[in-house]
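Below you'll find the structure, written out as structure tokens, and then a few comments.
The values are calculated or read from the model by the stated rules, or taken from the named source; none is laboratory data. Treat the numbers as computed from the prediction; the structure is a model and nothing was measured. Cβ sites come from the backbone with ideal geometry, for glycine too, and all protein chains shown count toward neighbours. For accessibility, only protein heavy atoms count, side chains too; no ligands or nucleic acids. Shrake-Rupley method; radii C 1.70, N 1.55, O 1.52, S 1.80 Å.
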Amino acid sequence: MISIKKKLVSLTGLGILLTAILLGSLAIWHLTHIAKLNAHNSLRLICVAEKEHLDITMGKIQQAVSSMKDVVLSNIGDAKSFAKNEALREKLTREFEELYYTIAYHTSGAVAYYLRYNPELVTTGAKGFLWTKRNRFSSFSESELTVIEQYDPNDIEHVGWYYIPVQNGKSTWMTPYLNKNMGIYMISYVIPLYIRGQLIGVVGMDVDFSLIIDKIDELNLYENGYAYLTDEDDSVIYHKGYHPGEKNIAIERNMQSTSFKLNNDWNLVVVAPNKELNAERNRLINSSLCAVLIITFVLFLITTLLIRKIIKPLLELTEITKKVAQGNLNVQFPITSNDEIGILADSFKKTVQHLPEFMYRDALTGLRNASAYERLLANFEERIQNENNLQFGILRLNMYTLKQTNDSYGKEIGDELLVTISKSICTTFSHSPVFRTAEDEFVVILEKFDFENREFLLHLFDSNTKTVTVQGKTFNVAIAHGLGLYDQNYDFSYADVNKKAEEELEKRKQTLQNQLSF
């Protein structure tokens with residue numbers, strides 16, 4: 001048999017475990033969701049921050065070239081006049097050259113700057129200027145201009161810096177390339193110059209691309225993250241694992257990426273391993289699981305102690321019940337709580353206190369029953385042995401016609417007759433204990449007043465019970481009785497007196513039977 005304690009502990013433990021699993025699962029799901037958002041947001045923040053740095057760096061270069069463009073266009077005036085007036089062009093070119101030097105000198109990463117007039121517009125005289133550095137650490141020095149006319153417009157290597165922006169008709173960032181003469185990997189920003197639709201030439205600046213590469217490589221992308229650049233066609237500009245111009249960059253399955261478009265239409269892409277991005281999530285999940293396990297254990301421990309405290313009075317009540325079942329009615333009730341168990345214990349205590357009354361009381365008539373009569377016998381045996389001049393009588397009564405009444409009118413009528421007769425017995429022999437010892441038999445122990453007036457009382461009883469009215473009907477009732485009187489000179493026990501009463505009762509029953517038969 002499984003005890004209530006084990007059942008409660010098992011059910012409570014199961015409930016706590018299921019609750020812990022549910023809450024743990026919800027917590028893990030929630031943390032995973034938040035961690036994914038945080039990881040994605042973290043990448044985005046890194047990407048945004050680096051985008052701003054790159055935009056600022058490249059914006060300074062764009063601003064430098066744009067400033068020079070504005071100066072040139074504001075001073076040239078009419079395109080044809082400028083092309084024909086060699087002296088003016090020579091003078092302005094020198095001024096442009098000096099100003100551009102100052103601008104390039106203060107532009108971080110600049111390794112070359114140039115102004116080249118349209119060879120179709122300017123055929124003689126000053127055709128522009130080119131200033132370069134021998135290496136990234138040297139100073140600017142004037143270099144010989146490229147003779148554009150000697151190359152095919154499709155010769156990107158030699159004249160792409162000129163024709164590509166012209167073909168685009170707008171400012172253009174050129175694809176990075178290695179300048180073998182300078183040993184510098186560089187990019188160029190070039191702006192075509194137009195006056196009322198007439199191409200004047202181009203103005204541009206070459207920048208050490210390592211300035212951009214260093215900023216990308218310095219990104220703090222965990223331990224194994226990286227960043228790269230692509231152009232607006234998603235061709236590689238810079239990538240540690242791909243050559244410039246390659247497409248279809250493959251992102252490893254265990255990596256996560258995000259990208260932002262720079263102001264010059266390039267794309268900055270940042271990539272980081274999921275393991276490193278989710279490290280915080282894993283730490284939070286492990287911490288949450290440990291917390292759930294600890295809380296579950298503590299709750300189970302507290303619940304077990306509370307159940308033990310709650311069950312203890314029930315266990316005590318169970319032991320008391322066992323003792324009562326064994327016949328021990330003098331049990332102690334230590335339970336004093338004010339809860340339901342205390343109420344149950346108090347009710348059971350009152351039940352035990354009234355148990356003798358319930359045990360020895362006839363349920364139908366309210367008279368003492370056969371068990372009470374048996375207990376009385378021992379008392380009388382002791383009195384017979386110890387008392388002098390003891391006087392008592394045993395009156396046995398039998399409701400002889402009860403069976404006939406039950407058969408003819410039903411047990412309900414018979415029970416009401418029994419109740420009425422029992423009241424009459426108690427009323428007549430009011431000073432004596434009355435017992436119902438069988439369904440239709442009663443015993444009266446006559447003492448004192450009832451013993452001294454027994455003949456009169458018995459005659460009175462016979463007169464009062466010849467007819468009885470129940471439910472508006474009058475019934476003839478035949479009650480046989482036998483009386484045994486104790487004589488201390490001849491009778492040695494209660495049984496002797498009872499035998500006399502039984503013998504007398506049998507005689508009366510026989511007489512009644514003869515009368516009824518007749």
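Relative to the longest principal axis of the C-alpha atoms of the chain, give the angle of the C-alpha long axis of helix 370-386, reported between 0 and 90° and rounded to the nearest 10°. Taking Cα atoms only, the helix is inclined about 50 degrees. Shape of segment 56-165 from the C-alpha gyration tensor: oblate (a/c of 1.5 or more and a/b not above b/c, with a ≥ b ≥ c the square roots of its eigenvalues).
In this simple spin-label model, placing a label point 7 Å from the Cα along the Cα-to-Cβ direction at both Leu377 and Ile213 gives a separation of 12.1 nm. Rounded to the nearest 10 degrees, the inclination of helix 279-325 to the longest alpha-carbon principal axis of the chain is 0 degrees. Net charge in the neighbourhood of Gly414 (other residues with Cβ under 10 Å of its Cβ; Lys, Arg +1, Asp, Glu -1) is -4. With Cβ to Cβ distances under 10 Å as the rule, what net charge do the other residues near His53 carry (K, R +1; D, E -1)? Summing Lys and Arg as +1 and Asp and Glu as -1 gives -2.
Using a probe of 1.4 angstrom and keeping all protein chains present, the accessible surface of the chain works out to 58 square angstrom per residue. For segment 349-507, the gyration tensor built on C-alpha atoms gives an oblate shape. Its axis ratio a/c (a ≥ b ≥ c) is at least 1.5, and a/b is not larger than b/c. Helix 156-168 versus the longest principal axis of the chain: what angle, 0 to 90°, nearest 10, using Cα atoms? The two axes meet at around 70 degrees.
Computed from the Cβ-Cβ distance with R0 of 60 Å, the FRET efficiency linking Ile249 to Ser10 stands at 0.55.
Once the C-beta distance of Asn168 and Glu98 is scaled by a Förster radius of 30 Å, the resulting FRET efficiency is 0.55 to the nearest 0.05. Overall, the anisotropy analysis places segment 170-259 in the prolate class: the square-rooted eigenvalues a ≥ b ≥ c of its C-alpha gyration tensor yield a/c not less than 1.5, with a/b exceeding b/c. The simple Förster model, with R0 at 51 Å and r as the Cβ-Cβ distance, assigns Glu157 and Asn41 a FRET efficiency of 0.70.
Note on the chain: with neighbouring protein chains present and a 1.4 Å probe, carbon and sulfur make up 53 percent of its accessible heavy-atom surface. How charged is the neighbourhood of Lys499? Take every other residue with its Cβ under 12 Å from the Cβ of Lys499, and add Lys/Arg as +1 and Asp/Glu as -1. Net charge in that neighbourhood comes out at -4. Only the Cβ atoms of Lys and Arg (+1) and of Asp and Glu (-1) were treated as charged; on that basis the dipole of the chain about its Cα centre amounts to roughly 220 debye. Over the residues of the chain, the helix contribution to mean residue ellipticity at 222 nm works out to -18000 deg cm²/dmol, using -39500 (n - 2.57) for each DSSP H run of at least 4.
Of (1) 25.1; (2) 26.7; (3) 35.6, which is the value of Kirkwood radius over Cα pairs in Å derived from the coordinates here? The value computed from this structure is option (3). Here segment 231-257 is scanned for amide nitrogen atoms under 17 Å from the site 7 Å beyond the Cα of Asn224 along Cα-to-Cβ, giving 240-241, 250-257.
Between Arg134 and Asn388, full extension at 0.36 nm per residue minus the direct alpha carbon distance yields a gain of 76.4 nm.
Placing unit charges on each Cβ (+1 for Lys and Arg, -1 for Asp and Glu) gives the chain a dipole about its Cα centre, and among Leu446, Val292, Thr401 the Cα reaching farthest toward its positive end belongs to Leu446.
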